[in-house]
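The structure appears right after this line, and notes come after that.
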Amino acid sequence: MGYPYQQIASKALKTMVLQKNERIFPYLPETYWYHPAKLKQMLDEYEFVFIKPDKGGGGGGAIRIKKWSDYEIVCHTLYSRKVLASSEVAGWIEKRLKPGKRYIMQQGIRLMKVQGRPFDLRIHMQKVGKEWTFSGICAKLAAPGKIVTNYCKGGQPYEAYKALLEISSYNQKRAKEIFVELYYLSKEIAKTLNSRFTGLKELGIDAGIDEQLRIWIFEVNTRPNFKMFRDLPSLHMYRRIKNIRYHRV
Ligand SMILES: Nc1ncnc2c1ncn2[C@@H]1O[C@H](COP(=O)(O)OP(=O)(O)O)[C@@H](O)[C@H]1O
Ligand SMILES: [Mg+2]
């Protein structure tokens, strides 16, 4: 069955809409259209930079560029890693960009780890009547050595609250605070995107947490897959999402 609701493919467009909300703005990594001169500037400011296709998902085509020394850069794709001289980087990247596709670049966020693996969170939001429901949250642990956490690239579903407890050194109050912050942020994101794109019904928000326990929003999917919820020890979120999707009122 085709997906019956409005979809917005462009990450740049969704980011621009979200940037206009001052409550959401601080959670967005700095984002620009890919441009080699701007990339150079960003590498002076940030530890690393992510380049991703504006349209397209599943972690496909993501590139991570990181300063290695004053004159060397480490370039990482999903399947390869190479150390290059600064002057070779733009050429190396351009060889990997697909013709006809636009690319964005984003301030890199150093993700917190669980079991030694970087992770981020997927939050599933669904519109029921006029209200947006927070219907599921799931951590995704990156497959060993991978630069993305996507389920289809070997990312492992993991209980979100357990991950939050682990990164806050089992401080339950702190873990709960992060959860509550994610909850209200997700509602605000859903309302903000929905006010501009009125046909949206479901959202899959990808949120990372850095070493200062700050939350960062990487992207918001408008056609989110929810298969990963099936791999969690409890199926209650999977069942809720499925029920709402197929029996929505
Ligand atoms: N700015 C970033 N800093 C660190 N990791 C990132 C960044 N952007 C993306 N990632 C990683 O790559 C994954 C895929 O990126 P995302 O923006 O979700 O695009 P896609 O549409 O391919 O899923 C994220 O889930 C996250 O693990
Ligand atoms: Mg994603």
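The table below lists the values:
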{"read-out": "Förster radius 35 Å - calculated FRET efficiency between residue 67 and residue 235 (Cβ-Cβ, nearest 0.05)", "value": "0.20"}
{"read-out": "Sorted largest first, extent of region 116-249 alpha carbons per principal axis (Å)", "value": "41, 27, 26"}
{"read-out": "Whole-number D in µm² s⁻¹ for the chain, Kirkwood Cα-pair radius fed into Stokes-Einstein, 37 °C, 0.692 mPa s", "value": "174"}
{"read-out": "Residue 211 accessible area, 1.4 Å probe, all protein chains in place, Å² to nearest 10", "value": "100"}
{"read-out": "Solution diffusion estimate, µm²/s, Stokes-Einstein, region 31-107, Kirkwood Rh from C-alpha pairs, 4 °C, viscosity 1.567 mPa s", "value": "104"}
{"read-out": "Protein accessible area in the chain, 1.4 Å probe - carbon and sulfur %", "value": "51"}
{"read-out": "Three-way shape call for region 189-249 based on the alpha-carbon gyration tensor, with the a/c threshold at 1.5", "value": "oblate"}
{"read-out": "Gap separating the Cα centres of region 163-223 and region 107-132, nearest whole Å", "value": "6"}
{"read-out": "Solvent-accessible area per residue, Å², over region 31-107 with all protein chains present [probe radius 1.4 Å]", "value": "56"}
{"read-out": "Positive dipole terminus of region 31-107, leading residue within 60, 85, 33 (C-beta point charges)", "value": "60"}
{"read-out": "Dipole in debye (nearest 20) - the chain, about Cα centre, beta carbon charges: Lys, Arg +1; Asp, Glu -1", "value": "1020"}
{"read-out": "Set 14/191; 127/173; 101/201 screened for pairs whose C-alpha atoms are more than 19 Å apart", "value": "127/173; 101/201"}
{"read-out": "Helix-only [θ]222 nm of the chain, DSSP H runs n ≥ 4, -39500 (n - 2.57) each, per residue, nearest 500", "value": "-9500 deg cm²/dmol"}
{"read-out": "Approximate spin-label separation residue 74-residue 128, in nm, with each point projected 7 Å along Cα-to-Cβ", "value": "4.5"}
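The values are calculated or read from the model by the stated rules, or taken from the named source; none is laboratory data. The structure presented is a predicted model; accordingly, all values stated were derived computationally and were not measured. Every residue, glycine as well, gets a Cβ built from its backbone with ideal geometry; the counts of neighbours run over all protein chains shown. Side chains are part of the model used for accessible areas, which takes the heavy atoms of the whole protein and leaves out ligands, DNA and RNA. Shrake-Rupley method; radii C 1.70, N 1.55, O 1.52, S 1.80 Å.
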